[in-house]
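Contents: one structure, followed by commentary.
The values are calculated or read from the model by the stated rules, or taken from the named source; none is laboratory data. What you are looking at is a predicted structure, and each value in this text was computed from that prediction instead of being measured. Note that we place each Cβ from the backbone using ideal geometry, even for glycine, and neighbour counts take in every protein chain shown.
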Amino acid sequence: MSLLLAVPAAVGLWLVTAGRALPVGRARATAAVGAVLALVLAVATALTAPSVDRPWLPELDVRFSFGVDGIAVPLVLLTAVIGVLVVAHAWVDVPEGGTPATFLGCLLLVEAGALATFTARDAVMFFLAFELVLVPMWVLISRYGDRHDPRARTDAGHRFILYTAVGSTLMLVGILALVASAGTSDLRELADGAGAALPPGRQLLVAILLTLGLAVKVPVFPLHTWLPPAHTTAPTAGSVLLAAVLLKMGTYGLVRLPVATVPDGFAAISPALAVAGVVGILWGGLVCLVERDLKRLIAYSSVAHMGFVVLALAAGTETGLQAALFANIAHGVVSALLFVLVGGLKQRWGSADLAVVRPALRETSPRLGFVLVTGLAATLGLPGLAGFWGEVLAVYAAWDPAPDRPRVVFVACAVGAAIGAALAAAYALRVARLVWVGDEPDPEGENPTPDAVGVEAGVLGALAAAVVLLGVLPGPLLAVTAAASAAIGGAP
C-alpha cells in the first residue's frame, strides 16, 4: 500500500524538480516506468487488500491510514490504468508550455493524489490527498493548455482554482465539524455509527457542508461552470485525467463522507440533490444539442452523465449505490475514450468546431470513425456498452427510492432522467451526423485526416475494449462492489 502511493508521487515529484531538464525521450521512459509500476502495485493491492495504519499526528488523533474495499478497488484500478494510458499518450503528444518532464511529472502527481484519496481511511488524510491533486492539475490546465487563446487558458485555470478552493473549504469545515462531534477521524468508525450518533441538527449541518463542498468537484448543477472551460483548454491527457479520475474523487467523497457517516442528514437533503442532478442531466443534454466545440460538448455531456451518479446516490438504496459506483467507472472509461479521440481530431484539424464542414470520418479515418461511433453509442446508453447499466439502474433506483425519501419527487426525477437519456441519443446522433457521416467523401484526398496508428491506436483500442467489456460483462464489477454497497446503502 505504501509503495502504491509512493511510487507515482516520488517519480512525479522528481520529474518536476531535479529531472525537469530531461530530454523528452528520457522523461517519457521515466514516467512510463513509474506508471507501469503503479499499475502493477494497484493490481497487487486489489488482489491482496493490504493496509497501513500508523500514528501520524497523535496530538490530533490523525493517523496515516490507508486501505481498500469493494468501493475503492475499482477506482484504484481505473486510476492506475488511466495513468498508464495518459503517459503512453505522451508518445503521441507532449504539449508546449513547459518542459516535457514537468508535464509528465504533473500527470503522475495527479495520479498519486487520486490513489491516496481513494485509499484514505482517515477523514483528515482524505482531505489532504484530495487537495494534493489541485496544484499539478492547475499546472496542466494553465501552462500546458490550448496555446491558441491565452486569455481563455488563464480564465480556465483561475476558475478551476477558485471553484475547487471554495469547495474544499466547505468540505474541510464539514470534516472538522464531523470529527469534533464524533470524536474520531477514522472513516470506518464514522461509518460504523460514530457519525450517525450525532444530533439531527448537527448531522444536517455536516451533510450540507460536505455535500456542497464535494458537489463542486463532481460537478453538480449549478456548480459545474468551471468544468467546460477547463476541459476545452486542458491538453488531451489533462482532460482525460479530469474526467476519468478527478470527477470520481467528488462522487467517491460523497459515498465515503455524507452518505456513509451522516446518513440521516444526507437523507434530509437528498431530494434537493436529486433535483439538482436531474437538472444537470437535462441542462447538459440541451447544451450539447447546440454546442459547436466538440471538446466542450463532451465536457457538457460529462455534467449530464454525472447527474445520473448523483441521482442514484440520492435514492438512498443499495441498488442506487451500486448504480452510482458502476456509472462512475463507466463514465471514466467512456469519457477517457472520447477525450483521447477528440484531442486527436483537434490536433489534426486545428480546431474542434463542428460548424466546419469536413469529409466523412468513416471514409478518411476508419479506425477513428469506429472509435467515435463506439464512444457515442456508449454515451447514449446503448445496451451492450458501458454506459447502459449505470443509467438504467440509476433511473430504476430513483423510481423506487428508500422509504425515507419522498417518492413523488424521486419518481419525477426518474422521468426527467429518462428524458435526459433521450437527449443524449439526440446529441450523440448529431455528432455522428456531423463528424462520422460528414460531408461528401473526399476521393481526391485534398483534406485527409490521418488515421490512428501506433500508440494512439493502442490507447484508443484499450479504452474501446473496456467500454464493450463493461457493457457485456457488468457482473464482475457489480460483484466487487456488492458487499460494501450493502453495508452502506441500506435496504435494497
Taking segment 36-91 and keeping residues crowded, with 19+ Cβ neighbours inside 10 Å, in a strand (DSSP E or B) and either within 21 Å of the chain's Cα centre (by Cα) or not polar (S, T, N, Q) (or both) leaves Arg63, Phe66
Looking only at segment 234-244, decide whether some residue is closer than 24 Å to Gly416 by Cα, within 12 Å of the chain's Cα centre (by Cα), at pLDDT below 90 and surrounded by 24 or more Cβ atoms within 10 Å (Cβ to Cβ).
-> yes
With respect to the numbered conditions (1) closer than 21 Å to Gly265 by Cα; (2) within 14 Å of the chain's Cα centre (by Cα), which one is the sole condition not fulfilled by Ala230?
-> (1)
Restricting attention to segment 160-213, which residues are at pLDDT below 90 and either outside any helix (DSSP H, G or I) or touching a Pro at 6+ places or on another chain (Cβ under 7 Å) (or both)?
-> Gly183, Thr184, Ser185, Asp186, Gly195, Ala196, Ala197, Leu198, Pro199
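So which of Thr117, Thr154 is of a type in the set (Ser, Thr, Tyr), in contact (Cβ under 8 Å) with a residue 12 or more places away in the chain, part of a helix (DSSP H, G or I) and closer than 19 Å to His231 by Cβ?
On the way: Thr117 fails: closer than 19 Å to His231 by Cβ.
Checking each option against the conditions leaves just Thr154.
Just the residues that are crowded, with 22+ Cβ neighbours inside 10 Å and of a type outside the set (Gly, Ala, Ser), please, taken from segment 140-163. Before the answer, list the steps.
First, pick out the residues of segment 140-163 that are crowded, with 22+ Cβ neighbours inside 10 Å: 140-141, 144-145, 153, 156-157, 160.
Across segment 140-163, the qualifying residues are Leu140, Ile141, Tyr144, Arg153, Phe160.
Quickly run through segment 47-56 and pick out the residues that are in contact with a strand residue (DSSP E or B) (Cβ under 8 Å, 6 or more places away or on another chain) and touching a residue at least 40 places away in the same chain (Cβ under 8 Å).
If the condition is that a residue be in contact with a strand residue (DSSP E or B) (Cβ under 8 Å, 6 or more places away or on another chain) and touching a residue at least 40 places away in the same chain (Cβ under 8 Å), then Ser51, Val52, Asp53, Trp56 are the ones that fit.
Which residue, of Val255, Val303, is assigned to a helix (DSSP H, G or I), under 30 Å from Trp91 (Cα atoms) and among the aliphatic types (A, V, I, L, M)? Steps first, answer last, please.
Working: Val255 fails: under 30 Å from Trp91 (Cα atoms).
Val303 is the lone residue from the list that is assigned to a helix (DSSP H, G or I), under 30 Å from Trp91 (Cα atoms) and among the aliphatic types (A, V, I, L, M).
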Of the conditions (1) within 22 Å of Ile329 (Cα to Cα); (2) within 19 Å of the chain's Cα centre (by Cα), Pro222 fails just one. Which one is it?
-> (1)
For segment 363-384, state whether one or more residues are closer than 19 Å to Val310 by Cβ and part of a helix (DSSP H, G or I).
-> yes
